[in-house]
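Notes to accompany the following structure.
The values are calculated or read from the model by the stated rules, or taken from the named source; none is laboratory data. Predicted, not measured: the structure shown is a model, and the values here were computed from it. Backbone-built Cβ (ideal geometry, glycine too); neighbour counts: all protein chains shown.
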Amino acid sequence: MKNARSQDKNTPWSTVPWSVRDTWAGVGCLVIWAGLAFALVMLVRIIRLDVNPGLLISVLELPLLLPVWWFTFHKYRAGWSQLGLTRFRPAVLGLGIGLLVLVFGFNMLYSSILSRYGLTMQLDLERVFEQAASPWPLVFGGVVVAPLVEEIFFRGFVFAGLKKGYGWKTAMLTSAALFALIHLRPLAMPPIFLLGLVFAHLYQRSGSVWPAVILHILVNGLAMGAASSLAGGT
C-alpha cells in the first residue's frame, strides 16, 4: 500500500483539494440520495403517476452532482480538471475495450448460471420501452446523463478523494463497491462491480475521467439498443 501511495503522489492529477473526510461526507449524501430516490420511485408506482422513465432517470441522477459541486467548487474553488475532465491519450480506450470484452465474457457466464435457476440480473428494459410514449428521453437519460453524472461522482470525486488516504487500489475497490451497491440490484452487483473496477483503472491510467465516461456510454447504449430492438420486434 505504501508503494501505491508514493506512486500516486507522482501523478499531477492525484492531489485533489477535498479530503478523505470530505469524500466520505459525499458518500453519506449518496446514501441519503439513494433512500430518497427509492422512496420517490415507490411513490410514483403507488400513485401510478405517468412519468416518462427517461425524465425520471435524469431527475434521480442529477442530485449526485450537488456534493461534488459543494466540495469541488464551493468549498475549495477547484476546477473541472481536478474532477478528471481533462484530455487523454486515445490508446487508453483500446485498453478499456479489451477489459470490457473480459467483463462481457464474465457476464455471459454469470447470466447462464442465473438462468439455470430462473433468475436474471437485467432490468426489464423491453417493457419500459414498450410503455414509454417516446424512447428518446429514456435513451438520453440512460445513455448520456447517467454515465456522465456517475463517472464524475464515483470516479472523479469518490475514487480520487479516497485515493489520497488509502492508495489507488483500495480506492478502486471501494468506489467500485459503492457503484455496485447504489444500483440496488443484488443479482447485478458482480458485473457492475467489475465495470466500476475497469472505469477506475482507466482513470488511474489516463488521469482523465473521459475514457470511463465514453465506455460507460457504450455499455449503456448497447443495453438500451438491444432492449429497444427487442421491444420494437414484439
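Considering only residues in segment 98-122 that are touching a helix residue (DSSP H, G or I) at 6+ places or on another chain (Cβ under 7 Å) and either exposed (fewer than 10 other Cβ atoms within 10 Å of the Cβ) or among the aliphatic types (A, V, I, L, M) (or both), the one that is modelled with the lowest pLDDT turns out to be 121. With respect to being farther than 30 Å from residue 39 by Cα and at pLDDT below 95, residue 221 falls outside the description.
Within segment 38-61, the set of residues being exposed (fewer than 13 other Cβ atoms within 10 Å of the Cβ) and not in a loop (DSSP other than H, G, I, E, B) comprises 38, 39, 42, 43, 45, 46. Residue 79 meets all of the listed conditions (1) surrounded by 14 or more Cβ atoms within 10 Å (Cβ to Cβ); (2) under 29 Å from residue 164 (Cα atoms); (3) more than 19 Å from the chain's Cα centre (by Cα) but one, namely (1). One residue stands out in segment 15-37 among those that are among the aliphatic types (A, V, I, L, M) and farther than 25 Å from residue 207 by Cα: the one that is surrounded by the most Cβ atoms within 10 Å (Cβ to Cβ), namely 37.
The lone criterion from (1) without any contact (Cβ under 8 Å) to a residue 60 or more places away in the chain; (2) part of a helix (DSSP H, G or I) left unmet by residue 183 is number (2). Tell me which residues, restricted to segment 179-197, are under 21 Å from residue 82 (Cα atoms) and either surrounded by fewer than 21 Cβ atoms within 10 Å (Cβ to Cβ) or over 11 Å from the mean Cα position of the chain (by Cα) (or both). If the condition is that a residue be under 21 Å from residue 82 (Cα atoms) and either surrounded by fewer than 21 Cβ atoms within 10 Å (Cβ to Cβ) or over 11 Å from the mean Cα position of the chain (by Cα) (or both), then 197 is the only one that fits. Here residue 155 meets each of (1) modelled with pLDDT of 90 or more; (2) closer than 22 Å to residue 35 by Cβ; (3) of a type in the set (Lys, Arg) with one exception, condition (2). Across segment 11-43, the qualifying residues are those that are β-branched (Val, Ile, Thr) and out of contact with any Leu (no Cβ under 7 Å at 6 or more places or on another chain), and the one among them that is farthest from residue 66 (Cα to Cα) is 11. The requirement of being loosely packed, with under 11 Cβ neighbours inside 10 Å, of a type outside the set (Gly, Ala, Ser) and more than 17 Å from the chain's Cα centre (by Cα) is not satisfied by residue 92. The helices (runs of 4 or more DSSP H) found wholly in segment 62-173 and carrying at least 2 residues that are without any contact (Cβ under 8 Å) to a residue 24 or more places away in the chain and closer than 26 Å to residue 186 by Cα occupy 91-115. Among the conditions (1) more than 20 Å from residue 71 (Cβ to Cβ); (2) modelled with pLDDT of 95 or more; (3) not β-branched (Val, Ile, Thr), residue 167 misses just one, which is (2).
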